[in-house]
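A short reminder: the numbers here are calculations on the coordinates, not readings from a lab. All of these numbers come straight from a predicted model, not from anything done at the bench. Virtual Cβ from ideal backbone geometry, glycine too; neighbours counted across all protein chains shown.
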Amino acid sequence: MRQLTLMPVALFLLACAPAAHIAGQPAQITVFGGGHDRQDSVVCFVLPPDARHFQELADDHGNFVPLQIDVEGHACFVERNLKNRAHKTYRLVVTKQQSRPGAGVQVSTQNCATASPLKLPQYLYGGLGFRGHRAWDGKEKTFFLTSAGESDRDKGNGTSGRWCRISGKVDDQSAGIAILCHPDNFRAPQPMRLHPTEPFFCFAPEQAGDMEIAPGKPYVSRYRFIVADGLLDQTELERLWNDYAHSPTVRID
């Protein structure tokens, strides 16, 4: 089963570099699992400007882990296995490979473009939307599952949730996507729109009332997408949401 995870949770403060490394540059990072068992966790941190040439991490066994880094130094990688209360240390290394784009490091930030606030009235739709495969079109071809365990799209519509799974058949095989809503998002857990007949879903904070994007107050949204062959069950999706909402922390030395 393939999974694609996006939208990291947070940014972390950096410590000073040790004297054994080039002055002013970090040499290693330490990842702390916290109170959760971690499996395929997205770990996020920020590299200072003089350390953005690093491309990979190396563990104590000589294994290399690729980094995704954007132009502002926001970096992420996938921690495959880290037990509850455990920690793991990696060396920051430079390879001969070409730099990779930071496609996995994404946070949506919207700013008001005028001196007056953007007024968004209460409405059925809004926020983040997703439309499924054309083969899912029709009430009996798309299946929803909310974080409350509701699989009836009519009953789930208008409720609030931490996550929602949308699924159906593609080439006679089950496939699906789960959208996880970060707890720091505005009005989280956010109201959801589950379309009654189409393969459409959105997190719509406007359902709960009027809102606005005011000048000088950026509107920041964080979501993670889990794409999978087959169906992820409620237990696994709840684990993934907890891993996203309470992500591993990082210390850079």
Rounded to the nearest whole number, the per residue volume of the convex hull around the C-alpha atoms of the chain in Å³ is 152 Å³
Scaled by the rule-of-thumb 2.2 N^0.38 Å, the alpha carbon Rg for the stretch 108-221 gives a ratio of 1.16
For the chain, whose charge dipole is built from +1 on Lys and Arg Cβ atoms and -1 on Asp and Glu Cβ atoms, the candidate among 183, 44, 71 with its Cα farthest towards the positive end is 71
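Are there any chymotrypsin sites (Phe, Trp or Tyr not before Pro) in the stretch 145-253 that are in a DSSP loop and have at most 15 other Cβ atoms within 10 Å? List them by number.
Hits after loop and neighbour filter: 186.
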The aspartates and glutamates whose Cα lies under 20 Å from the Cα of residue 217, excluding any fewer than 8 residues away in the same chain, are 184, 206
Helix 234-245 sits off the longest principal axis of the Cα atoms of the chain, rounded to the nearest 10 on a 0 to 90 degree scale, by 50 degrees
Taking Lys and Arg as +1 and Asp and Glu as -1, residues besides residue 202 with C-beta under 12 Å from its C-beta add up to 0
Given Cβ charges of +1 for Lys and Arg and -1 for Asp and Glu, the option among 170, 160, 135 whose Cα lies farthest towards the positive end of the dipole of the stretch 131-175 is 160
Straight-line reach check, residue 169, cutoff 27 Å on alpha carbons, 8 or more apart in-chain or any other chain, hits among lysines -> 139, 141, 155
Of all GluC sites (Glu not before Pro) in the stretch 48-86, the ones in DSSP coil with at most 15 other Cβ atoms within 10 Å are 72
Relative contact order as a percentage, the chain, C-alpha pairs under 8 Å and 6+ apart, gives 28 percent
